[in-house]
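Q: One structure is given below, represented as structure tokens, and several questions about it will come after.
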Amino acid sequence: MSIAITEQSNYAAYGVEELEDVLENIDKQAFPERYQAAKNELAAKRALPYTLHLASGKQETELKFAYEKGSGSKHCRHSLLLKESGTLSDGRLCLNQSEHKRLPNKGWVYVKGSESGFGFDIEGYRFR
């Protein structure tokens, strides 16, 4: 006897970090409808703050943070904990598994992006 799973996840109840984790880890081939639903919900949750960020005066910047590898969580399985990261909302950078594995337990990360009164939009990062 097989049981078909048809229940759709309620992505409206998920936070931004949870949705980012879903998009990073979902099997897009097996669950294309769920992937698209999560992608749409994330776009909706980011729309207003991001629109305000784009419309405000912003400054291109690169910030340097000491990092330490963090333990996995539901929201971010392969995280770096950023030290003294007042600019970033949660002080974590989520990576894919292969990138996380190749890094030392501690080091430096340079985060490049644009900063405004409405947040910091990460455009890229590099390690040193």
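Q: Filter the range 35-57 for residues that are surrounded by 17 or more Cβ atoms within 10 Å (Cβ to Cβ) and modelled with pLDDT of 75 or more and give the result.
A: Within the range 35-57, the first condition is being surrounded by 17 or more Cβ atoms within 10 Å (Cβ to Cβ), and the residues that meet it are 37-38, 41-42, 53.
Hits for the range 35-57 are Ala37, Ala38, Glu41, Leu42.
Q: Another question, then. Given (1) in a loop (DSSP other than H, G, I, E, B); (2) touching a strand residue (DSSP E or B) at 6+ places or on another chain (Cβ under 9 Å), where does Thr61 come up short, assuming only one miss?
A: For Thr61, the exception is condition (1).
Q: Would you pick out the residues in the range 70-119 that are part of a strand (DSSP E or B), at pLDDT 90 or above and open to solvent by 50 Å² or more (accessible area, probe 1.4 Å)?
A: Kept after step one, since they are part of a strand (DSSP E or B), are these residues of the range 70-119: 79-82, 92-94, 106-116, 119.
Next, from what is left, pick out any that are at pLDDT 90 or above: 106-110, 112.
Listed by number, the residues that qualify are Lys106, Trp108, Lys112.
Q: Going through the range 14-34 one residue at a time, which ones are open to solvent by less than 50 Å² (accessible area, probe 1.4 Å) and touching a helix residue (DSSP H, G or I) at 6+ places or on another chain (Cβ under 7 Å)?
A: Listed by number, the residues that qualify are Leu19, Val22, Leu23, Ile26.
The values are calculated or read from the model by the stated rules, or taken from the named source; none is laboratory data. Bear in mind that the values here come from a model prediction, so they are computed numbers and not experimental data. Quick reminder, even Gly has a Cβ in these numbers, built from the backbone with ideal geometry, and neighbours come from all protein chains shown. Surface accessibility is based on the protein's heavy atoms, side chains included, excluding ligands, DNA and RNA. Shrake-Rupley method; radii C 1.70, N 1.55, O 1.52, S 1.80 Å.
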